[in-house]
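Below is one structure, written out as structure tokens, with a few remarks after it.
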Ligand SMILES: *[C@@H]1O[C@H](CO)[C@@H](O)[C@H](O)[C@H]1NC(C)=O
């Protein structure tokens, strides 16, 4: 009896050691609480939730909200602090959602702006002065990437790490505020991201948490579209849910996982037209963002991207897309170049980075064995950095929030397909698919 107890204790002890060893040196953290925001009493025309986005060549859109409906939709700006040599007027909107009425949402396009230049600006002729830096004309250019942000203690940690990296543009593959029908949560999210999003353009696409659809009462994406206006008109799209933009030698397509994507849809036809416009001499890099990953070996959200992948993967392959970034799964995964579920040196690299820090926590369970296209996978909160060095070389790194310290956990040099055989070989196929009615 006594011996058995000793041996059981020993077995448990040995088991604990082996578990500790196989889990490796990093204990993954629990989700963190949603942040509490204190009530601020500013004047009703005080600009809140200021954020900027790219709006066509050499232009930016400045967006903010005021409680006061008479506040003017005007941005004053210039290259020295306190001296505004230019002024732009723009539009405003607002929306109702059940018992909630939004403030006045201002969207003002400013420009033409010089490349790689710091501008000082003020919203609605009052409030504090903000500073933004425009992206460079050419490489090198750096993108910060984080999806599924939310507004928890982990979100704060992720944002602090992004703030430390010298980035030019933030790319967000969907799921911003996790407001989930609670409209004031959109406002607190706007306040949370303002320090970053007022200084560098934030380019976003929609996730499922932006939908907020109520049958018979509310269309989907009403709040998202009103608050996060993206350059869809500027890129020939008829919907804020998908668009494209060009920055510093990179053509970036933001697809909508929650807009129709079949062959007869507007999105599909817009994508074909947009891909035909890409000039790889001008923009050697071709990137795509969308919310629901097509290549995902996590147990979470298995197969959800299959329909869209089936419809659109041939287009991206024919166009020799370099990189596809997605969110949705709360974990990190990087693939080899892949197409049609098989490693393919002419297909894009797929990266899932839905680990910004939302309240739902991490997706820890992976399918085994690991598919042969999957290179690296880890369920931790964190952010990515894409430093595009020149027309052919980019350095990708993923940084997990290791007890609030950013630790570079995965890194890889990616070479673009611009000088590859792929582009030349596929040019015929490309025309055939993209010109098809
Ligand atoms: C592009 O950048 C990579 C990495 O820094 C470098 O090795 C390569 O020589 C560069 N190519 C050109 C054409 O400058």
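As a test, work out the antiparallel percent of DSSP beta bridges whose residues both lie in the stretch 225-349, rounded to the nearest 5. Don't skip to the end; give the middle numbers.
Working: 8 of 18 bridges.
The antiparallel fraction comes to roughly 45 percent.
Nearest-5 percent of antiparallel DSSP beta bridges in the chain?
Around 80 percent antiparallel, to the nearest 5.
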Checklist entry - If one puts a single equal scatterer on every Cα of the stretch 305-437 and applies the Debye formula without solvent, what log₁₀ I(q)/I(0) results at q = 0.09, 0.10, 0.14, 0.22 Å⁻¹? => result -0.30, -0.37, -0.70, -1.36
Checklist entry - Gap in Å between the Cα centre of the stretch 421-437 and the Cα centre of the stretch 165-189? => result 37 Å
Checklist entry - With the calculation restricted to Cα positions, what are the radius of gyration and Dmax of the chain in angstrom? => result 22.8, 88
Next on the checklist: Among 74, 407, 292, which one shows the highest mean-square fluctuation when the chain is modelled as a Gaussian network with alpha-carbon springs under 10 Å?
Outcome noted: 407
Checklist entry - What are the semi-axes of the equivalent ellipsoid for the stretch 48-133, taken as the square roots of 5 times the Cα gyration tensor eigenvalues, largest first, in whole Å? => result 24, 14, 10
Next on the checklist: Which residue fluctuates most in the GNM of the chain (Cα springs below 10 Å): 382, 82, 305?
Outcome noted: 82
Item to check | Inter-centroid distance (Cα atoms) of the stretch 45-119 relative to the stretch 298-366, Å | outcome: 34 Å
Next on the checklist: Springs between alpha-carbon pairs under 10 angstrom, Gaussian network model over the chain: which of 120, 99, 376 fluctuates most?
Outcome noted: 99
Checklist outcome for this item: extent check for the stretch 213-278: Cα max minus min per principal axis, descending, whole Å, gives 42, 28, 16
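Values in this text are rule-based calculations from the coordinates and carry no lab data. Not measured: the values here are computed from a predicted model.
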